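Input: a single structure, listed below in structure tokens.
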Amino acid sequence: MSAVAASGGLAACAGSFDPDTDPGSPAAARVQALVDANREYPRWADFPRSADAPPEPMAIAAKVNTLRVTGGALAGEVSRIDWQTTGDPEAFVAEVQARVGAVPVAPATARTQAEIDDFVRRARERGRAPPPVDRRPAQ
């Protein structure tokens, strides 16, 4: 059933790759000439050849087997994780809050928005150019 639906979708898309050019358009002749000139591009001969030989089937099979083994090991590690909290939720919250509270907070992180705005204002004031120097000779 899905093959029928997929082929129907592909058939609907195929028509969009061969649109008709409006013959009344001033660019119609030029567009059609460009399409006709490049209809067969790209060809396989236009692609550069790879310097590497294609991998041997045994090498591919070995890599697939390695992926299967590492995937199985990862699945085993994941299965050993306790994904659910089994204890008291209040105790879990207290434990997490204690761990977070034990980590020192950088002073910059603890700043309020007003302190940040004040810092920005002072930085902008420091960045102002000084008044111009009077270069006229003294009289």
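Across the options PHE92, GLY71, ALA51, the greatest Cα extent toward the positive end of the charge dipole of the chain (unit charges at beta carbon of Lys, Arg, Asp, Glu) belongs to ALA51.
A full extension of the chain between ARG39 and VAL64 corresponds to an added length of 5.1 nm, given 0.36 nm per residue minus the alpha carbon distance.
Per-residue surface analysis assigns PHE47 an accessible area of about 110 Å², computed on protein heavy atoms at 1.4 Å probe radius. For the chain, the calculated P(r) over all alpha carbon pairs, in 10 Å bins from 0 to the bin holding the longest distance, is 7, 9, 10, 14, 11, 17, 21, 7, 3, 0 percent. Across the protein chains, with a 1.4 Å probe defining accessible surface, the residues THR70, THR109 rank THR109, THR70 from largest area downward. Of the residues THR112, THR86, ranked by 1.4 Å probe accessible area with the largest first, the sequence reads THR86, THR112. Within the accessible area of the chain, the carbon and sulfur atoms contribute 62%, probe 1.4 Å, all protein chains present.
Using the rule -39500 (n - 2.57) for each DSSP H run of four or more residues, divided by the residues of the chain, the 222 nm mean residue ellipticity is -17500 deg cm²/dmol.
Legend: residues ARG126, ARG121, ARG43, sorted from most to least accessible area (1.4 Å probe; ligands, DNA and RNA excluded), read ARG126, ARG43, ARG121.
Counting only other residues whose beta carbon sits under 15 Å from that of VAL105, what net charge do I get with K and R as +1, D and E as -1? Summing Lys/Arg as +1 and Asp/Glu as -1 gives +1.
The values are calculated or read from the model by the stated rules, or taken from the named source; none is laboratory data. This is a predicted model, so every value here is computed, not measured. Glycine gets a Cβ as well: all are built from the backbone with ideal geometry, and neighbour counts include every protein chain shown. Only protein heavy atoms, including side chains, enter the accessible area calculation; ligands, DNA and RNA are left aside. Shrake-Rupley method; radii C 1.70, N 1.55, O 1.52, S 1.80 Å.
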